[in-house]
1. Based on the alpha-carbon gyration tensor of region 132-351 and its eigenvalue square roots a ≥ b ≥ c, which shape applies: rounded if a/c is under 1.5, prolate if not and a/b is larger than b/c, or oblate?
2. Taking the full set of protein chains and a 1.4 angstrom probe, give the accessible area of Met23 in square angstrom, rounded to the nearest 10.
3. Hey, any idea what % of region 1-77's accessible area is carbon plus sulfur with a 1.4 Å probe?
4. Any idea how far the Cα center of region 62-93 sits from the one of region 1-48, in Å?
5. List the lysines whose Cα sits under 19 Å from the Cα of Lys91, skipping any in the same chain fewer than 8 residues away.
6. Report the Cα centroid-to-centroid distance between region 220-269 and region 306-378 in angstrom, as an integer.
7. Compute the relative contact order of region 233-378 as a whole-number percentage, counting only Cα pairs closer than 8 Å that sit 6 or more residues apart in sequence.
8. Can you put Asp201, Asp26 in order of accessible area, largest first, using a 1.4 Å probe?
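The values are calculated or read from the model by the stated rules, or taken from the named source; none is laboratory data. Just so it is clear, the model here is predicted, and its values are computed rather than measured. So basically every Cβ, Gly included, is an ideal-geometry build from the backbone, and we count neighbours across all protein chains shown. Surface accessibility is based on the protein's heavy atoms, side chains included, excluding ligands, DNA and RNA. Shrake-Rupley method; radii C 1.70, N 1.55, O 1.52, S 1.80 Å.
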Amino acid sequence: MNHETSITAVEPFILHVPVTGNMIQDSTHTVTHWGVVGVRIRTAHGLEGYGYTGTHAHLASDRLITSCISESYGPLLLGEDACDVQRLWAKMYNHAPVQWVGRTGITHIALAAVDTALWDIKAKAAGQPLWRLLGGATVERLEAYNTDGGWLSLSPQAVADSCRRLIEVEGYRGVKIKIGSDNPKADLKRIETVRNAIGADARLAVDCNGRWNLPTMLSVAPHLPDFDLMWVEEPIFYDDLPGHVRLAQSMATPIALGEQLYTLDSFRDFISAGALHWVQPDITRVAGITEWLRVADLALAFHLPVLAHVSDMGQVHVHLAYAHPASTLLEYIPWIKDCFVEPIHVREGYYDLPQQPGAGTTLRPDAFERYAQQTSPR
Ligand code: 0YR
Ligand code: MG
């Protein structure tokens with residue numbers, strides 16, 4: 001037992017941070033603030049680990065997460081060595097009373113924050129950024145693609161203008177835009193407007209956020225090759241495995257998904273059934289870095305590329321994407337980066353490699369001053 005990293009306190013927090021332009025929409029969600037819901041774990045000799053997860057900043061549901069962290073996981077951690085990440089993850093994941101009420105969902109989201117804080121401590125104790133602790137960077141430069149110009153709340157022309165600026169001025173090689181409205185013909189027009197604006201060489205992906213049903217998607221699919229898309233993301237409902245298999249068999253454009261899948265087993269089922277082409281795990285859903293790495297290894301075994309999903313989990317995902325050999329590209333969304341001591345940064349379309357020890361999750365004190373919410377009602 002390393003007493004220096006013995007856990008002495010587990011302190012959850014909730015931050016609500018405004019998004020770009022005060023409001024964004026995809027086909028399924030309207031968001032004004034991003035919820036940075038997480039935990040600070042203190043250890044005996046003063047080392048602190050931070051972990052967080054992303055929400056739509058709804059205080060009542062955010063408090064379900066912080067209550068799970070402080071009341072269910074906290075007591076399991078006190079006195080334990082924070083560096084025993086795998087064992088502690090299993091202890092929390094398999095804790096029977098918690099598992100009984102939440103085999104996925106809120107418990108996974110809470111565990112994601114805790115697991116990340118443990119990895120943060122482990123990397124800080126080693127004096128290394130997480131990507132180095134995980135084996136080192138597998139690429140010299142990790143390419144970023146930008147989603148923050150493509151919201152469904154913007155007009156097609158506004159999306160086209162912002163995507164063109166991202167490519168031509170900011171140096172991105174790729175962008176992703178939202179589709180999945182009630183008018184698929186208008187969405188095809190939207191894609192065409194953007195493709196024309198950014199030119200033939202830029203990478204373009206579209207994200208339906210699970211909104212359309214199979215017939216709608218099948219009617220749109222034959223038109224998509226005109227726009228040379230990297231992928232269609234979450235084309236139909238998240239858990240519809242047979243639907244995705246049928247779609248993959250009849251649509252020429254590759255399918256990306258995973259931001260709503262909660263388990264390694266679900267990734268195994270989707271991948272082995274041939275239901276997707278780009279694997280998009282998010283530490284938020286799969287209960288942390290520990291399980292994310294297993295999903296990425298699984299993808300590697302099938303020679304499928306991994307795209308860590310972002311939703312502003314980029315602070316951590318950049319470490320994983322640099323370290324994992326299956327990872328090729330990483331989404332960029334800039335809403336919360338200024339809350340962190342070492343914000344992620346994209347230069348000419350590539351992510352800077354983080355330099356500070358830890359998982360990239362250490363929050364600045366002024367982020368708490370500006371954005372903190374009460375974790376429980378007074
Ligand atoms: C709103 N990324 C996504 C936004 C994002 C959402 O929830 O963050 O569009 O999760 O689909 O690929
Ligand atoms: Mg998505």
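1. Cα axes put region 132-351 in the oblate bin.
2. Rounded to the nearest 10, the figure is 80 Å².
3. Exposed carbon and sulfur together represent 50 percent of the surface.
4. Here the two parts' Cα centres lie 14 Å apart.
5. In chain and number order, the partners are Lys122.
6. Their Cα centres are 26 Å away from one another.
7. Relative contact order comes out at 15 percent.
8. From most exposed to least exposed: Asp201, Asp26.
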